[in-house]
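So the structure is just underneath, and the comments pick up after that.
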Amino acid sequence: MENKIILVTGGTGLVGKAIEKTINNDSRSDEKWIFVGSKDADLTNKESTQELFKKYKPTHVIHLAAMVGGLYHNMAHNLDFLRKNIHMNDNVLQTAHENNVVKVISCLSTCIFPDKTTYPIDETMIHNGPPHSSNYGYSYAKRLIDVSNRGYFEQHSRIYTSVIPCNVFGPYDNFNEKSSHVIPGLMRKLYDLMQQQQQDNSEDKIFTVLGSGKPLRQFIYSLDLAKLFIWVLREYNSVEPIILSVDESQEVTIAQVAQSIANAFDFKGNIIFDVNAADGQYKKTASNLKLRSYLPDFKFTNFNDAIKETVDWYRVNYHEARN
Ligand code: NDP
């Protein structure tokens, strides 16, 4: 008997695809999952959003849809990130409320926290100061989700909550040179370089990584994040946001990321760092103590293993991947 109908917006993206794969191995008879992308509805448009909710009549929503991109894409399009995300978030939350949806889980990000802060960052610090100037549009739009959730609770007693993932990577990511995040961007670059190397029959190619390689980041494998999303849907019942991140001890430098990708591709050339390119925020170390208080034994996939799985997926799916 299905009594939960769970609509996943952004269901065609990196995180959505990972949740779909994970739920196929962890299905419950009282849950029906529906995954939708931008072809099913344009969530920046209110009428289109209303049609979607009318069609599927969800009781629960995981709201992943967003304009998402890496550092350089954000820097060039802050206004678009702000407006598109504000429109999508307001349409989804208000339409969910109008249709009596009992629970909505939206997605913030550790990169929306104040630029000047103490570390580690935790859930209480979201609004404590301006975000990094590189992605203020995305950041303010995301922060408003938390503000809205509190309003829906105060005025309408809704449990609409948000999760705060660290940087995500995995199969089905966006590998486009201009708009990707750092991991898929580097994978794409190295894949192309090695193809070129094969064509030229040379082995002296140089893998150039933008920035100094020094910034620190926490990365979560999309399939680990998917398990945590499903746990939040089933077990976490608070409006207060919760950080979904690997442990602080699992933080890595961009140089380590580049090396791990090079190893996964079995790249034999040199890696160099273009220090003239922007680094973005030096670090954004987040504490997952709140998550650990609920799930002390949760095991995150080893970073190098997850990179290898993603590279293997990309090699096989290069032509269908978002390039
Ligand atoms: P992707 O870029 O992989 O996917 C974005 C999704 O949003 C796609 O399914 C896309 O649909 C959908 N979408 C975009 N615009 C619209 C629109 N106008 N109407 C309807 N759907 C739309 O994103 P991720 O999976 O990486 O991100 C999921 C969530 O996680 C986002 O909210 C993001 O902010 C958050 N997040 C991501 C992190 C990361 O490192 N990737 C880190 C922290 C948080 P389609 O493909 O069909 O066009």
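The values are calculated or read from the model by the stated rules, or taken from the named source; none is laboratory data. Every value quoted in this text rests on a predicted model; they were computed, and no experiment measured them. Virtual Cβ from ideal backbone geometry, glycine too; neighbours counted across all protein chains shown. Just so you know, the surface numbers come from the protein's heavy atoms only, side chains and all, with ligands and any DNA or RNA stripped out. Shrake-Rupley method; radii C 1.70, N 1.55, O 1.52, S 1.80 Å.
Values computed for the structure shown
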{"read-out": "Condition met for E251 (open to solvent by 30 Å² or more (accessible area, probe 1.4 Å), under 17 Å from the mean Cα position of the chain (by Cα) and of a type in the set (D, E, K, R))", "value": "yes"}
{"read-out": "Residue that is within 16 Å of the ligand (Cβ to nearest atom) and among the small types (G, A, S), where the choices are G280, G269", "value": "G280"}
{"read-out": "Residues of segment 277-305 classified as under 20 Å from I126 (Cα atoms), assigned to a loop (DSSP other than H, G, I, E, B) and open to solvent by 50 Å² or more (accessible area, probe 1.4 Å), total", "value": "2"}
{"read-out": "Where L225 falls short, out of the listed (1) part of a helix (DSSP H, G or I); (2) more than 10 Å from the ligand (Cβ to nearest atom)", "value": "(2)"}
{"read-out": "Of all residues in segment 1-24 being touching a Phe, Trp or Tyr at 6+ places or on another chain (Cβ under 8 Å) and assigned to a loop (DSSP other than H, G, I, E, B), the one that is most open to solvent (accessible area, probe 1.4 Å)", "value": "T12"}
{"read-out": "Residues of segment 157-194 satisfying the condition of being more than 10 Å from the ligand (Cβ to nearest atom), touching a helix residue (DSSP H, G or I) at 6+ places or on another chain (Cβ under 7 Å), part of a loop (DSSP other than H, G, I, E, B) and under 25 Å from E235 (Cβ atoms)", "value": "R158"}
{"read-out": "Residues of segment 264-276 classified as open to solvent by less than 40 Å² (accessible area, probe 1.4 Å) and assigned to a loop (DSSP other than H, G, I, E, B), total", "value": "2"}
{"read-out": "Unmet criterion (only one of (1) near the ligand (Cβ under 9 Å from one of its atoms); (2) within 10 Å of T95 (Cβ to Cβ)) for K39", "value": "(2)"}
{"read-out": "Residues (aliphatic (A, V, I, L, M) and over 17 Å from the mean Cα position of the chain (by Cα)) located in segment 155-185", "value": "I159"}
{"read-out": "Residues (among the acidic types (D, E) and within 14 Å of the ligand (Cβ to nearest atom)) located in segment 135-156", "value": "D146"}
{"read-out": "Residue, farthest from V102 (Cα to Cα), within segment 128-141, restricted to residues that are touching a residue at least 60 places away in the same chain (Cβ under 8 Å) and assigned to a helix (DSSP H, G or I)", "value": "S134"}
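Listed here are the residues, each with its yes/no results for (1) modelled with pLDDT of 95 or more; (2) of a type in the set (K, R); (3) open to solvent by 30 Å² or more (accessible area, probe 1.4 Å); (4) outside the structural domain of A278 (by TED's automatic domain parsing).
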{"residue": "D146", "(1), (2), (3), (4)": "yes, no, no, yes"}
{"residue": "Y152", "(1), (2), (3), (4)": "yes, no, no, yes"}
{"residue": "H156", "(1), (2), (3), (4)": "yes, no, yes, yes"}
{"residue": "T161", "(1), (2), (3), (4)": "yes, no, no, yes"}
{"residue": "D192", "(1), (2), (3), (4)": "no, no, yes, no"}
{"residue": "Q196", "(1), (2), (3), (4)": "no, no, yes, no"}
{"residue": "Q199", "(1), (2), (3), (4)": "no, no, yes, no"}
{"residue": "K205", "(1), (2), (3), (4)": "no, yes, yes, no"}
{"residue": "T208", "(1), (2), (3), (4)": "no, no, yes, no"}
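Residues are listed down the side, and each one gets a yes or a no for (1) over 15 Å from G185 (Cβ atoms); (2) modelled with pLDDT of 95 or more:
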position: V252; (1), (2): yes, yes
position: I261; (1), (2): no, yes
position: G269; (1), (2): yes, no
position: A278; (1), (2): no, no
position: K283; (1), (2): yes, no
